[in-house]
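Peer 1: One structure, pasted below without further comment.
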Amino acid sequence: MKLIFSDLDGTLLHSDNTLSHTTLQAIKKVYAHDDLFIPISSRLPESIRSFVPYKAPLVAHNGAIIILRDKIISYTIPTDIVYDICSYCDDLDWNIYDGDNWYSTNQYFKDHAIEESYIGKVSTKIGLEDIKKIQTIHKIVCIGSIDHVTSYLKETYPSLHITRSASYYLEITHKEATKANAIQAVASHYQIPLENTVAFGDYYNDEDMLEMAGVSYVVDNAPNDLKEKADHVTLSNNDDGVAFILNQFYDKESL
């Protein structure tokens with residue numbers, strides 16, 4: 001058995017936030033050969049399932065939630081730390097995720113309206129004090145001009161994993177909630193050697209996953225320095241780069 005991991009945004013999905021018929025048919029070939037295709041994304045579980053219609057396994061919130069067929073692995077951030085971070089980032093569009101629940105600052109940010117449209121879900125607007133009532137938090141996302149907060153947060157909270165998934169998009173999770181750890185957890189669960197894992201990505205938040213996987217691919221729209229680190233470069237996300245490789249493998253049995 002092989003485990004095929006793929007990021008969604010910028011990798012599996014087209015830039016217009018759609019999954020092509022070509023790619024969906026390629027994913028079906030993975031399951032037809034008794035391998036597993038595992039979406040691994042910063043998105044909510046329900047958002048991932050709207051594109052890849054297989055119940056499990058999947059990895060959400062960049063590794064904070066790992067849903068396997070018979071169990072769920074979950075990494076959370078203490079509420080008091082979330083409160084402090086959102087207080088510090090009050091000039092940004094901060095967002096808090098608890099499983100499929102999405103809370104956001106009650107301030108209006110243009111970027112947030114775009115994000116809701118992109119994800120297809122309306123967040124629950126809350127104030128800073130409301131954060132203290134949320135008992136389980138898997139991820140914080142700050143959207144906007146994040147340069148002035150990134151270094152401070154990394155220095156102040158070494159127990160957290162803080163990474164950019166775009167130039168304006170800062171994602172914060174538990175230290176263990178990484179895509180690389182998720183690959184290890186899924187491989188261990190299915191008793192699959194890491195050399196039998198394949199990963200597809202497009203940005204720096206995929207870098208640890210690409211290093212961990214047995215074989216790594218980045219799409220052609222990835223940054224050049226990430227292309228140099230990956231084992232292979234495929235076509236861009238808009239040209240169905242993941243499907244191109246999957247079809248090569250399952251038609252010719254050579255990945």
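The values are calculated or read from the model by the stated rules, or taken from the named source; none is laboratory data. No experiment lies behind these values; they were computed from the predicted model shown. A quick note on method: Cβ atoms are made from the backbone with ideal geometry, for glycine too, and the neighbour counts reach across all protein chains shown. Heavy atoms of the whole protein, side chains included, go into the accessibility calculation; ligands, DNA and RNA do not. Shrake-Rupley method; radii C 1.70, N 1.55, O 1.52, S 1.80 Å.
Peer 1: For n ≥ 4 DSSP H runs only, could you compute -39500 (n - 2.57) per run for the chain, divide by its residues and tell me the 222 nm figure to the nearest 500?
Peer 2: -9500 deg cm²/dmol
Peer 1: Counting only the heavy atoms of the protein chains, how much of Phe249 is accessible to a 1.4 Å probe, in Å² to the nearest 10?
Peer 2: 20
Peer 1: Considering only DSSP beta bridges where both residues belong to the stretch 1-108, give the percentage that are antiparallel (nearest 5).
Peer 2: Taking every DSSP beta bridge with both residues in the stretch 1-108, the antiparallel ones total about 65 percent.
Peer 1: Can you give me the solvent accessible area of Ser15 with a 1.4 Å probe, rounded to the nearest 10 Å²?
Peer 2: Per-residue accessible area (Ser15): approximately 80 Å².
Peer 1: Mind jotting down the distance between the C-alpha centroids of the stretch 189-203 and the stretch 83-125, whole Å?
Peer 2: 31
Peer 1: For the stretch 126-186, report the accessible area per residue in Å² (1.4 Å probe, heavy atoms, rounded to an integer).
Peer 2: Result: 43 Å² of accessible area for each residue.
Peer 1: Next up: Counting heavy atoms of the protein chains only and a 1.4 Å probe, report the per residue accessible area for the stretch 1-65 as a whole number of Å².
Peer 2: Result: 33 Å² of accessible area for each residue.
Peer 1: Report the relative contact order of the stretch 104-222, percent, no decimals, based on alpha-carbon pairs under 8 angstrom and at least 6 residues apart.
Peer 2: With pairs under 8 Å counted, the relative contact order is 17 percent.
Peer 1: A further question on this structure: Of the heavy-atom accessible surface of the chain (probe 1.4 angstrom), what whole percent is carbon and sulfur?
Peer 2: Of the solvent-accessible surface of the chain, carbon and sulfur hold 47 percent.
Peer 1: So how do 6-14, 21-29 stack up, highest first, on mean other-Cβ count within 10 Å?
Peer 2: Top of the packing list down: 6-14, 21-29.
Peer 1: Treating the beta-carbon of each Lys and Arg as +1 and of each Asp and Glu as -1, no other charges, what is the dipole magnitude of the stretch 1-152 about its Cα centre, to the nearest 20 debye?
Peer 2: It works out to roughly 740 debye.
Peer 1: Take the residue pairs Lys2/Lys229; Lys2/Lys29; Lys55/Lys125; Lys71/Lys133; Lys28/Lys252; Lys179/Lys229 and return only those whose Cα atoms are more than 19 Å apart.
Peer 2: Lys2/Lys229; Lys55/Lys125; Lys71/Lys133, as the Cα separations exceed 19 Å there.
Peer 1: Angle between the Cα long axis of helix 241-252 and the longest principal axis of the chain, 0 to 90 degrees, nearest 10?
Peer 2: 30
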